[in-house]
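Contents: one structure, followed by commentary.
Bear in mind that the values in this text are calculations on the coordinates, not laboratory data. All figures in this text were calculated on a predicted structure; none of them were measured in a lab. Here the Cβ positions follow ideal geometry from the backbone for every residue, glycine too, while neighbour counts run over all protein chains shown.
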Amino acid sequence: MINRVARALAAAGVEAPRAEAEQLAAYVLEVPRGRLALADGFTPAQRDRLDELVGRRVTREPLQHLLGSAGFRHLELAVGPGVFVPRPETELLAGWGIERAREHAAPLVVDLCSGSGAIALAVAQEVPSARVVAVERSPAALAWLRRNAADRAAAGDRPVEVVAADVTGPDLLAGLAGRVDVLLCNPPYVPRSVAVPPEVAGHDPDEAVFGGADG
């Protein structure tokens, strides 16, 4: 089954077909990917479910949308339509921010264009002494941000303060002026003329990807 799925994904142009086939199989079987070799196999219902997910993935619907989550550093974040799927390279920005925040006893950290909350929530988890403020304007993204923030707070992480606002507003967070220790942002920066993968073009919000004519 996994080999068959991998071949279908490869034919559709998916970059890591074998890895994704294993992730989808593990998701359907409800086992960790590392324990697939010990699984009993698929029931007819599970086989149908896997076929349905593969049918959606070959149309280049993001894997994270199919699984309902995306890994980011030590977090598993809920994602789906309306929010940018966090990328592994953004972990470098979060890691830099975490190191800078640790230089302060009780840092105030602000994350602009927060999206799913990946950066803000990573800081809150790894720097428990930090006060973290996450700013997002998109109603759809805000729903995912608030969901992830609530989930992490329930798990015991320090709560992140979610602010619904446009980061270009002149009075944004005026009460925090001069007090912020670390300011982080992964803004839309892709030039409009750049071709992006189907997973991005058809599913990530345009306003989270493209930054005008020159990025």
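In µm²/s, what is D for the stretch 20-143 at 37 °C and 0.692 mPa s, where D = kT/(6 pi eta Rh) by Stokes-Einstein and Rh is the Kirkwood radius from Cα pairs?
200
Please list, in order along the stretch 67-74, the HN-Hα scalar couplings obtained from phi with the Karplus expression 6.51 cos²θ - 1.76 cosθ + 1.60 (θ = phi - 60°), rounded to whole Hz, x for Gly and Pro.
7, x, 7, 9, x, 8, 6, 9
Specify which labelled value, from (1) 59, 42, 26; (2) 55, 35, 32; (3) 43, 39, 38, agrees with Cα extents along the principal axes in Å derived from the coordinates of the model shown.
Read-out taken from this structure: (1).
Can you give the Rg/Rh ratio of the stretch 81-209, where Rg is from the C-alpha atoms and Rh is the Kirkwood radius?
0.97
Of PRO205, PRO187, LEU63, which is farthest on the positive side of the dipole of the chain, counting Cα position, with +1 on Lys and Arg Cβ, -1 on Asp and Glu Cβ, and the Cα centre as origin?
LEU63
Charges on Cβ only, +1 for Lys and Arg, -1 for Asp and Glu, centred on the Cα centroid of the chain; of THR43, VAL110, THR168, which one is farthest towards the dipole's positive end?
THR43
What GluC sites (Glu not before Pro) in the stretch 69-167 are in a loop by DSSP, with at most 12 other Cβ atoms within 10 Å of the Cβ?
Qualifying residues, ordered by number: GLU89, GLU103.
Looking at the stretch 66-174, send over the antiparallel percent of its DSSP beta bridges, to the nearest 5.
The antiparallel proportion sits near 35 percent.
Compute the acute angle (0 to 90°) between the alpha-carbon long axis of helix 17-29 and the principal axis of greatest extent of the alpha-carbon atoms of the chain; round to the nearest 10°.
90
Where both residues lie in the chain, what percent of DSSP beta bridges are antiparallel, nearest 5?
For the chain, the DSSP antiparallel bridge percentage is about 25.
Using alpha carbons only, how many degrees (0 to 90, rounded to 10) separate the axis of helix 2-11 from the longest principal axis of the chain?
So the inclination is approximately 70 degrees.
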